[in-house]
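Everything below concerns the one structure shown next.
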Amino acid sequence: MKIHFYLVLLYFCAVNVLADDLKVNNKGQMKAYALKHCQLDNSQDCECITNNMVNTFTEKDWKIFIAAINKDESIKQQVTEKDIFNFSDKVYGTTINCAIE
């Protein structure tokens, strides 16, 4: 399961950014946040990934994503293992949908 969870780190830079002002229910804001952290060379790949994220992520998924970006381990107290597994499946599905290898 850890392999699935860390797939997101393959495509996004894990830097410390304050996410206090983010509204996880604001799709435009979350897309901009995800694009900001996309580290792929091809901007079309970043666009595809963030569009998929916006279309499939729940508020809980966004919270997990933000915690992963910020290396915030306190998220473990707010989500279940099933939540993390579902999140990792969505991230994996995004890489498939966008044909990212």
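Where a number appears in this text, it was derived from the coordinates with a stated rule and is not lab data. Here the structure is a predicted model, which means the values were calculated and not measured. With ideal geometry, Cβ positions are generated from the backbone for all residues, glycine too; neighbour counts draw on all protein chains shown.
Rg and Dmax of the stretch 25-101, Cα atoms, in Å?
12.2, 35
What ranking of ASP45, ASP61, ASP89 emerges when the number of other C-beta atoms within 10 Å of each C-beta is taken as an exposure proxy, fewest first? Walk me through the numbers on the way to the answer.
Values: ASP45 16, ASP61 21, ASP89 13.
Ordered by Cβ neighbours within 10 Å, fewest first: ASP89, ASP45, ASP61.
List the lysines whose Cα lies under 18 Å from the Cα of LYS36, skipping any in the same chain that are fewer than 8 positions away.
Qualifying lysines at Cα under 18 Å: LYS23, LYS27, LYS63, LYS71.
Along the Cα→Cβ direction, 7 angstrom out, place labels at ASN25 and TYR92. What is the inter-label distance in nm?
Label at ASN25, label at TYR92, 3.1 nm between them.
Roughly how big is the stretch 43-101's charge dipole about its Cα centre, with Cβ charges of +1 (Lys, Arg) and -1 (Asp, Glu), in debye to the nearest 20?
180
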